Amino acid sequence: MESATLPRSPRVIGLRPPGRALTCVLEIASEADRAQVAALRHDVYARELGQHPVNATGRLGDGLDAYNIVLVARMGGAVAGFVSLTPPRCPAYSIDKYFPRADLPFSVDDSLFEVRLLTVLPEHRGSEIALLLMYAALRWVESHGGTHVAAIGRREVVPLYERVGLRPMGLSARSGAVTYDLLHATATQLRAQAVRLADLFGRLERHIHWRLSFPFRQPAGCFHGGAFFAAVGEDFQRLERRHEIINADVLDAWFDPAPGVLRTLQAEMPWLLRTSPPTACAGLVETIARTRGVLPANILPGAGSSDLIFRAFTSWLTPRSRVLILDPTYGEYAHVLEHVVGCRVDRLPLDRAANFAVEPARLEAAFADGYDLIVLVNPNSPTGRHLPRATLELMVGGLPPGTRLWIDETYVEYAGAGQSMEQFAAQSENIVVCKSMSKVYALSGARVAYLCAGRHQLEALRAITPPWVVGLPSQVAAVRALQDPAYYAGRYRETALAREILATGLRGLGWDVLPGIANFLLCHLPASGPDAATVVARAAARGLFIRNAATMGARLGPHAVRVAVKDPATNRRMIEILHDAADLR
């Protein structure tokens, strides 16, 4: 692999005197670009570095050009640098010219990519374009299933390759006036180094127009719990196994949906499964609006709150956006904001000494910090703490017009009647309430949720909402559930009683149990005993799945667990299992 990235004093791409922003465009080379790259290769590797003799055509190329992928970085419309990748299953790699395959300290297989021709034009050397091109090459390898990368780097710039995670293999070769060292790394090693450089790449991302078919950031899944399903079987062949486990690592309702839901589904299921639903969920929307005391125009349906979070945040926000979330709080928000959108995320730390309560004065003070979005999960998860509606209504008067407040009310019914901010949000300019029907209506498997806001806030989202976004059985189940408030009110009272009895049992184990109001409890295990990971693993071995809350916020520490409230008999069984799981042995 030829390379030219001669060092100069460091500077940041995206800036030019006297400080005006200049975006770097990164894309696949066109045919015209490839012709220019051949000329640039001659200028750099023949005239400048003396690796090849100067020729009359003024171009350099080789037999791999027909197979290679070339990525170019442009500044001000002109090519500022490029890098080439030789994919697996090509007739050869460029390293074959210098090293017999038998001498290579790594395997040459169907998952090896070679990165070559890393080149930055003289006027851009010393910027971070070389680093950006190497990152783009890594993302190409990751997104196309490569597992390891080889390269030969000019000895003078080997530290650049090491910076991105490649490691010298102790072999070198001479080509004209240039000495090259062989380098190699697995994709996992390169990704680990990219994580260590996340702040730098995040800064670069703000100055890049990324025109590749895969995202700048490697997509990452968000862990939600639900490990219990592995014990049941995710192929659904042995659903009877569900009777052998306790799924307290997710917050599904312990009670059944309302009787009317079950009667309708049981009677009409064949027709519901084979029939297309109302395109825009009109009947569901009208029922929600009537139940909540708002207009249908204030409601936007979705296939669960995750659908709405992804749809709204990717529409409203960019990597330049600033967002405030609580810490700890529901993990999907940090995941979407940081790993999907890639925006700047600040955290409002909640203190254990205050039982992780949200202090209104601190939150209200943050309103003045110019955030594009503030996310408030209320009641919060995993803490179960709640800010009363009256308090919130007084606070939001100080919300700037340019700041949108997103209130996630997934568990608000457990806080008591009249606590939702839906009617207030419907009349506001910049407040959005996200409501899931999963946990409080026992419809987690149906995936039904909605946003309630001023119609102007939903207009753009409505345009990108696909038809039939909620399936027909789910629409029918949600409508029937909303028609039986008395049934659910009774279940909420039973849940509150079961929660307090469960809390008493957990405190009897020596656990510090947070006084929440939802259908779960956040607990801190004794520091002198096993940590959360150990207790979770021991409980799972006996069929009880609880959540290691240490992964849900930086302030929770390694001894925090979250336990869902179940029916009284199951709660007693959980206490027995957790007594043994938390034993010091």
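Report the residue count in the stretch 359-411 for those that are open to solvent by 50 Å² or more (accessible area, probe 1.4 Å), in contact (Cβ under 8 Å) with a residue 60 or more places away in the chain and touching a strand residue (DSSP E or B) at 6+ places or on another chain (Cβ under 8 Å).
Total meeting the criteria: 1.
Identify, by number, the condition in (1) within 22 Å of the chain's Cα centre (by Cα); (2) over 26 Å from residue 522 (Cα atoms); (3) hydroxyl-bearing (Ser, Thr, Tyr); (4) open to solvent by 50 Å² or more (accessible area, probe 1.4 Å) that residue 330 doesn't meet.
(2)
Taking residue 182, is it surrounded by 15 or more Cβ atoms within 10 Å (Cβ to Cβ), over 12 Å from residue 138 (Cβ atoms), at pLDDT 95 or above and aliphatic (A, V, I, L, M)?
Values: surrounded by 15 or more Cβ atoms within 10 Å (Cβ to Cβ): yes; over 12 Å from residue 138 (Cβ atoms): yes; at pLDDT 95 or above: yes; aliphatic (A, V, I, L, M): yes.
Criteria met by residue 182.
Does residue 481 satisfy the condition of being crowded, with 21+ Cβ neighbours inside 10 Å, in contact (Cβ under 8 Å) with a residue 40 or more places away in the chain and either touching a helix residue (DSSP H, G or I) at 6+ places or on another chain (Cβ under 8 Å) or β-branched (Val, Ile, Thr) (or both)?
On the way: crowded, with 21+ Cβ neighbours inside 10 Å: yes; in contact (Cβ under 8 Å) with a residue 40 or more places away in the chain: yes; either touching a helix residue (DSSP H, G or I) at 6+ places or on another chain (Cβ under 8 Å) or β-branched (Val, Ile, Thr) (or both): yes.
So residue 481 fits the description; yes.
If I go through the stretch 383-411 residue by residue, how many of them are touching a Pro at 6+ places or on another chain (Cβ under 6 Å) and under 17 Å from residue 327 (Cα atoms)? Spell out the reasoning first.
Initial filter on the stretch 383-411 (touching a Pro at 6+ places or on another chain (Cβ under 6 Å)): 386, 391, 395, 411.
Still in the list and also under 17 Å from residue 327 (Cα atoms): 386.
Residues flagged as touching a Pro at 6+ places or on another chain (Cβ under 6 Å) and under 17 Å from residue 327 (Cα atoms) within the stretch 383-411 amount to 1.
Yes/no per residue for (1) small (Gly, Ala, Ser); (2) assigned to a helix (DSSP H, G or I); (3) modelled with pLDDT of 95 or more:
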| residue | (1), (2), (3) |
| --- | --- |
| 539 | yes, yes, yes |
| 563 | no, no, yes |
| 570 | no, yes, yes |
| 575 | no, yes, yes |
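hydroxyl-bearing (Ser, Thr, Tyr), more than 26 Å from residue 495 (Cβ to Cβ) and either open to solvent by 10 Å² or more (accessible area, probe 1.4 Å) or in contact (Cβ under 8 Å) with a residue 40 or more places away in the chain (or both), is that true of residue 414?
Details: hydroxyl-bearing (Ser, Thr, Tyr): yes; more than 26 Å from residue 495 (Cβ to Cβ): no; either open to solvent by 10 Å² or more (accessible area, probe 1.4 Å) or in contact (Cβ under 8 Å) with a residue 40 or more places away in the chain (or both): yes.
Here the answer is no, as residue 414 does not meet what is asked.
Which residue, of 293, 283, is open to solvent by 10 Å² or more (accessible area, probe 1.4 Å), at positive phi and not β-branched (Val, Ile, Thr)? Please lay out each step first, then the result.
Working: 283 fails: at positive phi.
The match here is 293.
Pairs under 9 Å by beta carbon, first residue over 18 Å from residue 439 (Cβ atoms) in the stretch 251-273, partner at pLDDT 95 or above and among the hydroxyl-bearing types (Ser, Thr, Tyr), six or more apart or different chains?
Close Cβ pairs satisfying both conditions: 259/487; 260/487; 272/264.
Could you list all residues from the stretch 112-150 that are assigned to a loop (DSSP other than H, G, I, E, B) and under 18 Å from residue 167 (Cα atoms)?
Let us first name the residues in the stretch 112-150 that are assigned to a loop (DSSP other than H, G, I, E, B), namely 121, 125-128, 144-147.
Listed by number, the residues that qualify are 146, 147.
If I filter the stretch 501-508 for residues that are open to solvent by 50 Å² or more (accessible area, probe 1.4 Å), among the polar types (S, T, N, Q) and more than 21 Å from residue 253 (Cβ to Cβ), do I get at least one hit? Before you say what the answer is, go through the steps one by one.
First pass over the stretch 501-508, keeping only residues open to solvent by 50 Å² or more (accessible area, probe 1.4 Å): 501, 504, 507-508.
Filter once more, keeping what is among the polar types (S, T, N, Q): 504.
Restricting the remaining residues to those that are more than 21 Å from residue 253 (Cβ to Cβ) gives 504.
Within the stretch 501-508, one or more residues are open to solvent by 50 Å² or more (accessible area, probe 1.4 Å), among the polar types (S, T, N, Q) and more than 21 Å from residue 253 (Cβ to Cβ).
Which of the residues belonging to the stretch 296-320 are open to solvent by less than 10 Å² (accessible area, probe 1.4 Å) and either without any contact (Cβ under 8 Å) to a residue 12 or more places away in the chain or assigned to a loop (DSSP other than H, G, I, E, B) (or both)?
304 - this is the single residue of the stretch 296-320 that is open to solvent by less than 10 Å² (accessible area, probe 1.4 Å) and either without any contact (Cβ under 8 Å) to a residue 12 or more places away in the chain or assigned to a loop (DSSP other than H, G, I, E, B) (or both).
Can you say whether residue 197 is closer than 23 Å to residue 322 by Cα and surrounded by 14 or more Cβ atoms within 10 Å (Cβ to Cβ), as far as the supplied structure shows? First the steps, then the outcome.
Working: closer than 23 Å to residue 322 by Cα: yes; surrounded by 14 or more Cβ atoms within 10 Å (Cβ to Cβ): yes.
Yes: the conditions hold for residue 197.
Does at least one position in the stretch 544-556 carry a residue that is more than 19 Å from residue 252 (Cα to Cα), touching a residue at least 60 places away in the same chain (Cβ under 8 Å) and open to solvent by less than 40 Å² (accessible area, probe 1.4 Å)?
Kept after step one, since they are more than 19 Å from residue 252 (Cα to Cα), are these residues of the stretch 544-556: 550-551, 553-556.
Within this subset, residues satisfying the condition of being touching a residue at least 60 places away in the same chain (Cβ under 8 Å) are 551, 553-556.
Checking which are open to solvent by less than 40 Å² (accessible area, probe 1.4 Å) leaves us with 553, 556.
Yes, some residue in the stretch 544-556 is more than 19 Å from residue 252 (Cα to Cα), touching a residue at least 60 places away in the same chain (Cβ under 8 Å) and open to solvent by less than 40 Å² (accessible area, probe 1.4 Å).
For residue 514, which of the numbered conditions (1) open to solvent by 60 Å² or more (accessible area, probe 1.4 Å); (2) touching a Cys at 6+ places or on another chain (Cβ under 8 Å) fails to hold?
Result: residue 514 fails condition (1) only.
Does the stretch 378-390 contain any residue that is more than 26 Å from residue 557 (Cβ to Cβ) and in a helix (DSSP H, G or I)? I'd like the intermediate steps shown before the answer.
The initial filter retains those residues of the stretch 378-390 that are more than 26 Å from residue 557 (Cβ to Cβ), namely 388-390.
From the residues that got through so far, the ones that are in a helix (DSSP H, G or I) too are 389-390.
Yes: one or more hits.
The values are calculated or read from the model by the stated rules, or taken from the named source; none is laboratory data. Keep in mind the model is a prediction, meaning the values are calculated, not measured. Here the Cβ is made from the backbone with ideal geometry for all residues, glycine too, and neighbour counts use every protein chain on show. Remember, those area values only see protein heavy atoms, side chains included, never the ligands or the DNA or RNA. Shrake-Rupley method; radii C 1.70, N 1.55, O 1.52, S 1.80 Å.
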